[in-house]
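Here is the structure we will look at, set down as structure tokens.
The values are calculated or read from the model by the stated rules, or taken from the named source; none is laboratory data. Predicted model only: the values in this text are computed from it and were never measured. In this analysis, Cβ positions are derived from the backbone assuming ideal geometry, glycine residues included, and neighbour counts consider all displayed protein chains.
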């Protein structure tokens, strides 16, 4: 029987989604035996059967489920002279269903790469979400955000901005269902908001703390 995403195209035109990981050879203590496609909605859920060699030399058979949503990029806009940062506020259902009071998270601009390189993708996201034309950017680090189950690697950037760099109102793309509020904060207020939970997004906390410890707001 033909399976969408495996031997016939799924709704996004993809095939061979069960092949990812089968040719991994970088770790001699890991041997991938089988990859099953569990779901291929917008993103892809797989179950992989692998053999892992323990430190004592014995082998064990294990299964891991991985959620592949692609890689992404995020960027913190800062104004060092005015000591401000520019963030977005938007509804995040996964946070809402898991205990966030209203699901409205304050975040640094971010998005998936799709077929773009990280810097190009994050420039596009910043202009769409925050209405700012980004000039020179600085790459900070790359991070696996939830390596226990999610394959995504997130590329982190920072860039300066000024009021003159605003090219529009931002707000995201209406055709993608985005309804984003642009929020400018004093850096000290932003740090206080981390302490009391008003900023609870991991990538944003990492960028704000980097900006104070090693970046433009370093004492």
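What to note about this one:
- Of the strands (runs of 3 or more DSSP E) lying entirely inside the range 7-113, those containing at least 3 residues that are in contact with a helix residue (DSSP H, G or I) (Cβ under 8 Å, 6 or more places away or on another chain) and either free of Cβ contacts under 8 Å to residues at least 12 places away in the same chain or assigned by TED's automatic domain parsing to the domain that holds residue 124 (or both) span 72-79, 84-91, 104-107, 109-112.
- Of all residues in the range 178-193 being under 19 Å from the mean Cα position of the chain (by Cα) and over 13 Å from residue 108 (Cα atoms), the one that is modelled with the highest pLDDT: 179
- Which listed residue, of 52, 82, 47, is modelled with pLDDT of 95 or more and over 25 Å from residue 24 (Cα atoms): 82
- Selection count where residues are surrounded by fewer than 21 Cβ atoms within 10 Å (Cβ to Cβ), under 14 Å from the mean Cα position of the chain (by Cα) and within 24 Å of residue 193 (Cβ to Cβ), scope the range 112-153: 4
- Selection status of residue 200, in contact (Cβ under 8 Å) with a residue 12 or more places away in the chain, under 30 Å from residue 65 (Cβ atoms) and either assigned by TED's automatic domain parsing to the domain that holds residue 98 or within 20 Å of the chain's Cα centre (by Cα) (or both): yes
- Listed conditions (1) under 23 Å from residue 93 (Cβ atoms); (2) in contact with a strand residue (DSSP E or B) (Cβ under 6 Å, 6 or more places away or on another chain); (3) modelled with pLDDT of 95 or more are all met by residue 206, apart from (2).
- Looking only at the range 156-177, and only at residues there that are buried (at least 16 other Cβ atoms within 10 Å of the Cβ) and within 18 Å of residue 105 (Cα to Cα), the one that is modelled with the lowest pLDDT: 172
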